[in-house]
Amino acid sequence: MVFQYRAKFTTTLAKIKASDYSIEHTWNQSEFMHPIIQWYDIVRYYTAVNLKIVLFHSSTGGTEVWFSDGASIANEVLQAEHQCREGFSMTKTADITIQDFLDALGGNQSTPGGGGASALTGAQAAALVGMVIHFTLGKKKYADVQEEMAAILTECEALRAQLTTLADKDVEAFNSVVAGYGLPKATDEEKAARTAVIQAGLQKAYEVSLEIAEASMNVLKLSIPVGSKGNSNVVSDAATGAYLAYAAIQGALINVKVNLKFIKDEISVTNGTERATSVSDSATALLQEAKAACSQTLGIEV
């Protein structure tokens with residue numbers, strides 16, 4: 001069972017004294033104890049007998065510290081975790097500024113990455129389609145489609161919220177995989193546990209990516225009636241939404257394929273490949289429908 005979150009350590013890091021615990025991966029003592037401010041991905045997982053903690057330095061992806069003999073350190077570590085959750089807990093994607101997200105996306109760290117970018121692209125697509133509906137509702141010229149547009153708006157808003165949440169789930173899924181690769185592998189038991197965690201992480205990662213692709217496909221599908229029946233003054237935004245949704249689908253499917261490549265369970269690979277192919281084929285057809293609908297309304301080729 002894996003529990004994880006991201007926290008920003010300040011002096012909290014110094015409260016966990018390196019000299020008190022068995023550190024299987026060597027870390028410079030003075031560096032560890034220094035009250036630096038950095039982002040760490042923290043993974044807490046349970047085996048049959050031990051609680052183990054690992055800190056992953058997000059900037060490098062390679063620096064980790066293992067704490068063994070969980071029973072003796074659990075209380076102190078959990079207290080530190082609580083302090084981090086209260087004071088420096090991971091901010092949801094929906095709650096940060098665009099600039100902060102772009103800085104993180106373009107920074108020297110693994111997350112957010114292509115999955116999160118795809119999810120937010122799909123969310124933007126949903127927002128654009130919804131915006132066209134807002135300009136359609138309440139207009140006498142579009143009286144015949146009010147009920148239909150209102151229903152589609154509800155779907156758009158739900159998809160926008162889902163895709164924004166999936167951006168965070170993508171980070172969690174990636175961290176699950178990273179956590180697995182960081183596990184010890186000195187004994188057969190450790191190797192088996194490590195493989196199980198990696199495979200579970202890869203499974204979660206591909207499923208989240210597929211969710212992003214499928215949700216974005218649903219946005220693309222909604223852009224068709226909105227492009228055909230929505231307020232013609234802003235249907236160009238529905239067309240933009242359609243293209244963004246298609247881009248989100250393709251970006252997410254790349255991650256699906258990458259993760260499936262390393263999954264050992266043949267049933268999962270077969271099912272995942274079939275679903276990904278279905279989404280890809282449907283998306284291509286839906287984009288053509290959306291383009292045709294918007295082009296007809298706008299009187300231009302989009």
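Here, each number is a calculation from the coordinates, and none is a lab measurement. Note that the structure is predicted; figures quoted are calculated from it, not measured. Positions of Cβ are generated from backbone atoms using ideal geometry, with glycine treated the same way; all protein chains shown enter the neighbour counts.
Mind checking which pairs have a first residue in region 243-259 that is under 10 Å from A276 (Cα atoms) and a second that is assigned to a helix (DSSP H, G or I) and aromatic (F, W, Y), Cβ under 6 Å, 6 or more apart or different chains?
From region 243-259, the pairs are V256/Y206.
Out of A247, A173, which single residue is within 21 Å of K92 (Cβ to Cβ) and in a helix (DSSP H, G or I)?
Answer to the check: A173.
If you scan region 260-279, which residues turn out to be touching a helix residue (DSSP H, G or I) at 6+ places or on another chain (Cβ under 7 Å) and free of Cβ contacts under 8 Å to residues at least 60 places away in the same chain?
Passing the criteria: L260, V269, T273.
Could you please find all residues in region 119-140 being more than 13 Å from Q162 (Cα to Cα) and in contact (Cβ under 8 Å) with a residue 60 or more places away in the chain?
L128, V129, M131, V132, I133, F135, T136, K139, listed by residue number.
Give the number of residues within region 212-247 that are closer than 14 Å to L128 by Cα, buried (at least 22 other Cβ atoms within 10 Å of the Cβ) and of a type in the set (G, A, S).
Number of matching residues: 9.
Kindly evaluate K229 against the criterion of being farther than 25 Å from A117 by Cβ, among the basic types (K, R) and free of Cβ contacts under 8 Å to residues at least 12 places away in the same chain.
It is false that K229 is farther than 25 Å from A117 by Cβ, among the basic types (K, R) and free of Cβ contacts under 8 Å to residues at least 12 places away in the same chain.
Listed residues A215, A292, A285; which is in contact with a helix residue (DSSP H, G or I) (Cβ under 8 Å, 6 or more places away or on another chain), part of a helix (DSSP H, G or I) and on the phi < 0 side of the Ramachandran plot?
Among A215, A292, A285, only A215 is in contact with a helix residue (DSSP H, G or I) (Cβ under 8 Å, 6 or more places away or on another chain), part of a helix (DSSP H, G or I) and on the phi < 0 side of the Ramachandran plot.
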